[in-house]
Structures are given as C-alpha cells and as structure tokens.
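The next block holds one structure in the form of structure tokens; read it before the comments.
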Amino acid sequence: MAPTTDCAAAFSAALLELARTDERICIVNNDSAETHSALGFQAELPDRFVDVGIAEQNLVGVSIGLANAGLRPFVYSASCFLTARALEQIKNAAYTNANVVFCGFVSGLAYGALGGTHHAVEDLAWMRSIPRMTVLAPATPNDTVAALREAMTHDGPVYIRIVSKLDTPELFPADHTFAYGGSVQLREGEDVTLVGTGLLTTRLVEAAELLAADGVRAGVLHLGSVRPIDAEAIGRAARHSGRLVVAEDHVLNGGLGGAVAETVVRTHPVPVLQLGVPNEYAPIGPAEFLYEHFGLTAQGVAKRVAQWLA
C-alpha cells in the first residue's frame, strides 16, 4: 500500500479548490478550523467562513439558513459533537431537504485518550436512521476527495464521516470516482468476504494479506456509501464466498454491520460476523491502543476471522 496521508487535509484542500470557482461554497465551523485543516480556507475566503463558536446546535441552524439562501454550506465539526449535540437540528435539515454537507471529522475512536465523550462510535446508526440523509464513509484521502465531489452533485443533506488524526494508507488512484450506493471490490476471495468502510477498509486489506499467508482466500469489499448501500454487491459477495465479516470502528448496533445484515436477510442469507465496538464505553488510552483493545487492527481482524472459519 502507498505511504500514509491525511484525509482531513485532503478534504479541506479539495474544498478550497472547488470554492475558488463556486461562490456558493462556504464553511460553517465550531471554533475548530485548525483541528480540521480549514485554516487555509479561512485565510483565503474569510467572507465565506462562518465561525459560530462551540455551539453545535447553532452550527447546524445557521447552515440550514445559508442553504435556504442558495449557498452550499459545509458544516465542520468533530463527528461526536456534530451528531450527538445537534441531532434534532440535523433532523430538521433533512426534513427540509436542505443542501447541507455535514463533515464529521475525528470519527470512530480517533480521539483516543479524550474518552467516551469524544468517541464517535454511534454516529452511523443515528445518521442512517434519518429520512433523506445520505451517509458516506470514505476510506482514504483520494476516496474522501471523490466523496466530496460527489456530494456537490447531490440534492439534499449529506453526512461524510471523515478519517482524521490517524495515518491512512492510500488504496485508490487520484482519478478515483465515488458513487452513491456504490462499492469497490478491492480483493477477490472464495472463502470469506471482509466488508468495511472508512478507516477499517484499509485494515481489512492488510488482514486479507495476513489470511492469505495462512491459506485463507479472503475478499475485501469497501462500502464507502453506507446509505444508500450497494445491496447488489453485498448479495454478490454473499453468494460468492458464503460468509461475510463486517468490521467498523462503530458500535455493533445500527452501523455498517447492521446495514449489511439487514441487506443479507433480504437478498441472500449467509452467516455474518460483526466486528466493532461492543456495547460498552472504551477504556482511556491512545487511539491505536483502543483499536487493538477491540481487535480492530489488521492482526486482530485476521485472528478473529481465522478463529471463526475454524
């Protein structure tokens, strides 16, 4: 895999590039421009950079007003605060079908030692339950930029779960395209299919390589679009390998694993193993310690899959 890079930096750089030619684009921020790599946008286009302070409900309310005025607001916030503190306002954005892109940074367990208040491990369940809400979880910098460009063509609210504060190996070419309801088959395998989204997709690719060394042929399916989801690809993987493993840095209830299981039941029922954060608060420690604690490293996933297949 290619050298690691930063998804948040790639996203903000691409957004600034788009904003130079599209005067509708603006950022609504909650006093976190430096944290989410938006200082360049703020310096170059200050008249289109709105900072509401640490007030997430106002953050979303202001973005809805700007959207109703014909602008294309991108709401910048940490995933945990954006989705938990402002969920009612986000529902109102979807109710009015506002053209707002909700950018959830530092997703999953990436905030590490700051504890359960800062871990965004319920956001996919909340957001994919809202009518009219599109939910995207790109895996790498190029995938994230492609998701941004796709969001610009979409009518209605979009939530993009962005990997940040963690090194992310690149899996996709610079001209990679992203499609709502689409997927990418990164590896073929007849014994089992590993299904991931966001950060975990990169770890599943490495896990498949570890399994291959032990004679297990594992496919890898990247579902960057969580809602709508690629039911056809999921059904095809279920028929091809007969078993699915879903891994995500999210609670086991209501995230990608739930979406895949719901799809499999309707299309082609097969055994599904869900790997993620159990129904408990994480211990305190660095992010990588937490991923290891919950078995969400490449080595941890490969070990669980081997045990399950045995």
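The values are calculated or read from the model by the stated rules, or taken from the named source; none is laboratory data. These figures come from a predicted structure and were not determined experimentally. Note that each Cβ is placed from the backbone with ideal geometry, even for glycine, and that neighbours are counted across all protein chains shown. Surface accessibility is based on the protein's heavy atoms, side chains included, excluding ligands, DNA and RNA. Shrake-Rupley method; radii C 1.70, N 1.55, O 1.52, S 1.80 Å.
List of remarks:
- 15 Å beta-carbon shell around PRO278, net charge (K/R +1, D/E -1): -4
- Share antiparallel - DSSP beta bridges, the chain, percent rounded to 5: 20 percent
- The slack between LEU309 and ARG239, meaning 0.36 nm per residue of separation minus the straight C-alpha distance, is 23.5 nm.
- The listed peptides 73-79, 129-135, 279-285, ordered by packing as a protection proxy, come out as 73-79, 129-135, 279-285 (highest mean of other Cβ atoms within 10 Å first).
- Computed with every protein chain present, the accessible area of ARG85 is close to 110 Å² [probe 1.4 Å].
- Projecting the Cα atoms of THR177, VAL205, VAL272 onto the dipole axis of segment 160-310, where Lys and Arg carry +1 and Asp and Glu carry -1 at the beta carbon, places VAL272 farthest toward the positive end.
- Across the chain, the mean sequence separation of Cα contacts (distance under 8 Å, 6 or more residues apart), normalised by length, yields a relative contact order of 17 percent.
- Mean Cβ neighbour count within 10 Å, used as a protection proxy, ranking 96-108, 215-227, 60-72 highest first: 96-108, 215-227, 60-72
- Close amide H pairs (under 5 Å, H built 1.01 Å from N) link ALA110 with ALA120, residues at least 5 positions away or on another chain.
- Share antiparallel - DSSP beta bridges, segment 64-219, percent rounded to 5: 5 percent
- Of all accessible heavy-atom area on the chain, the percent that carbon and sulfur account for (1.4 Å): 51 percent
- For HIS250, the residues whose modelled amide H falls within less than 5 Å of its own, excluding neighbours fewer than 5 places apart on the same chain, are VAL277.
- Solvent exposure of segment 1-106 as accessible area per residue, Å², 1.4 Å probe: 42 Å²
- The chain: most fluctuating residue of ALA174, ALA147, ALA113 per GNM, C-alpha cutoff 10 Å: ALA174
- Debye intensity ratio in log₁₀ form over the Cα atoms of segment 32-171, taken at each q of 0.14, 0.17, 0.22 Å⁻¹: -0.61, -0.94, -1.61
- Along the axis of the charge dipole computed for the chain (Cβ charges of +1 for Lys and Arg, -1 for Asp and Glu, origin at the Cα centre), the listed residues SER225, ALA282, HIS119 are led at the positive end by SER225.
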